[in-house]
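Here the structure comes first, spelled out in structure tokens, and everything after it is commentary.
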Amino acid sequence: MAPINDPNRPLGGGEEGRPMPRRMTVTGAGLRTPRAAAIAGIAFSILLMAALVLLRLAVPDNPLERGDWLGTESVRVHLALNLVPIAGIAFLWFIGVLRSRLGDLEDRFFATVFLGSGLLFLALLFVAAALSGAVVLVYEAEHEALTQSVTFTLARALAYSIMAIYATKVVGVFMITTSTIAIKTGIAARWIAYLGYVLAAFLLFGRELTAWSFSVFPVWVLLMSSYILFDNLGRSSRVTASDGQ
């Protein structure tokens, strides 16, 4: 058998020039269809919107408040924070399916920005949720000492800054790349992609962002996912009807 570094060794094959076995994919074709992306996107949108609503109703907008809500709204906050990782898993599947839909249209630069912004958003979301969860847990053990310490104010301000500034800007980049995917692949209507560009510009460059501004992201993902799902179901029904004739 020829050594690995032998220049006379045949290329593109295994030992003695035999063809390499065909690579097998782990995920089935049904898990990478537009319908799979739509279901994952809808699940992510509903879970994230539910978590945001619960947090906004329980926690004051001012990150420098003294934590009066910890004594009365801890159950609601616990529920919201437990929804975040499930929403994150659905979002991860959503971006995985969308990336697979690019196929031959994918280029390295575009794929890096799309995947990188999605993963970075997830990381920021989980860090902010973990900080908030840590505050709630510490309060249950040392409630008086926590609310009177600088550590509480720092943790609240840090979680607020991560979501209100950094995660919001990263989401804007993700919306731009996702809208471009929708245009290139035709997986969603062009008007939804153009709406994504407008909302992304609002998140990236808006100076007076309200406490609910971040909610435009899950609402937009829900709109796109619903369109993909109903469009896919309509095409499947038309194909079935044509085959039956």
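The numbers here are math on the coordinates, done by the rules we state, and not lab data. This one's a predicted model, so the numbers in the text were calculated from it and none came from an experiment. Here Cβ is always computed from backbone atoms with ideal geometry, including for glycine, and neighbour counts include all displayed protein chains.
Calculated from the alpha-carbon coordinates, segment 33-217 shows an Rg and a Dmax of 17.8, 59 Å respectively. For segment 31-67 versus segment 137-162, the inter-centroid distance based on Cα atoms is 23 Å. Label-to-label distance, VAL75 versus PHE202, with points set 7 angstrom from Cα along the beta-carbon direction: 3.5 nm. Here the label points at PHE126 and ASN62, each 7 Å from Cα along the C-beta direction, are separated by 3.4 nm in the simple model. Karplus-derived 3J(HN,Hα) values for segment 160-177, using 6.51 cos²θ - 1.76 cosθ + 1.60 with θ = phi - 60°, are 5, 5, 4, 7, 6, 10, 6, 4, 5, 5, 5, 4, x, 5, 5, 5, 5, 5 Hz; glycine and proline are entered as x. If the chain linking THR151 and TYR194 were pulled fully straight, counting 0.36 nm for each residue of separation and taking away their Cα-Cα distance, it would gain 11.2 nm.
Net length available on complete extension from ALA134 to LEU115 is 4.0 nm, with 0.36 nm assigned per residue and the Cα-Cα distance removed.
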